[in-house]
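Reviewing the structure listed below.
The values are calculated or read from the model by the stated rules, or taken from the named source; none is laboratory data. As the structure is a prediction and not an experimental result, all values here were calculated from the model. A quick note on method: Cβ atoms are made from the backbone with ideal geometry, for glycine too, and the neighbour counts reach across all protein chains shown.
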Amino acid sequence: MRLDDDAEDGSEGMNLTPLVDVVFLLLVFFLAATTLARKEVELDLRLPEARSGQAGGGSRALVVNVFADGRLVVDGREVTLEALRQKLTAAWQRDRDQEVLVRGDHAAQFGTGLQVLDACRLARITKVDFAALPAQKN
């Protein structure tokens, strides 16, 4: 039986296949995570305009979407007001500094927005922001 003596000359190098596999897995993970994060922002809402304010809504904020017909959507699912209250309470129990971003359609009823604020208050969440578009300059 003959052994190959060429392997002893040190020209083999490192096997980079596992590293390439890990890089591709990370790439797929980040692409999927970015797509899911954008889905919440791309809902069909017409946000109101505001002249004052600042950018906010941290990455860990729970997004509550209020539609013109009074529907509430959280995490891509339509919820009732009671389900929203339970979700907010559970989020506050996990993280005492939980933030909420309310994205309301400009035609949504004031009462629905007030009910969302009330649900936040009952869940002991104090960091609540409202999403708006910058006012157009005339």
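Observations on the model:
- Condition met for Leu133 (at pLDDT 90 or above, touching a Leu at 6+ places or on another chain (Cβ under 7 Å) and under 15 Å from Leu47 (Cα atoms)): no
- Residue match in the stretch 56-63 (condition: among the charged types (D, E, K, R), modelled with pLDDT of 65 or more and exposed (fewer than 13 other Cβ atoms within 10 Å of the Cβ)): yes
- Any hit, the stretch 113-122, residues being at pLDDT below 90 and either within 21 Å of the chain's Cα centre (by Cα) or surrounded by 17 or more Cβ atoms within 10 Å (Cβ to Cβ) (or both): yes
- Considering the stretch 63-138, the qualifying strands (runs of 3 or more DSSP E), each wholly inside and each with 1 or more residues that are among the acidic types (Asp, Glu), run over 77-79, 99-104, 127-130.
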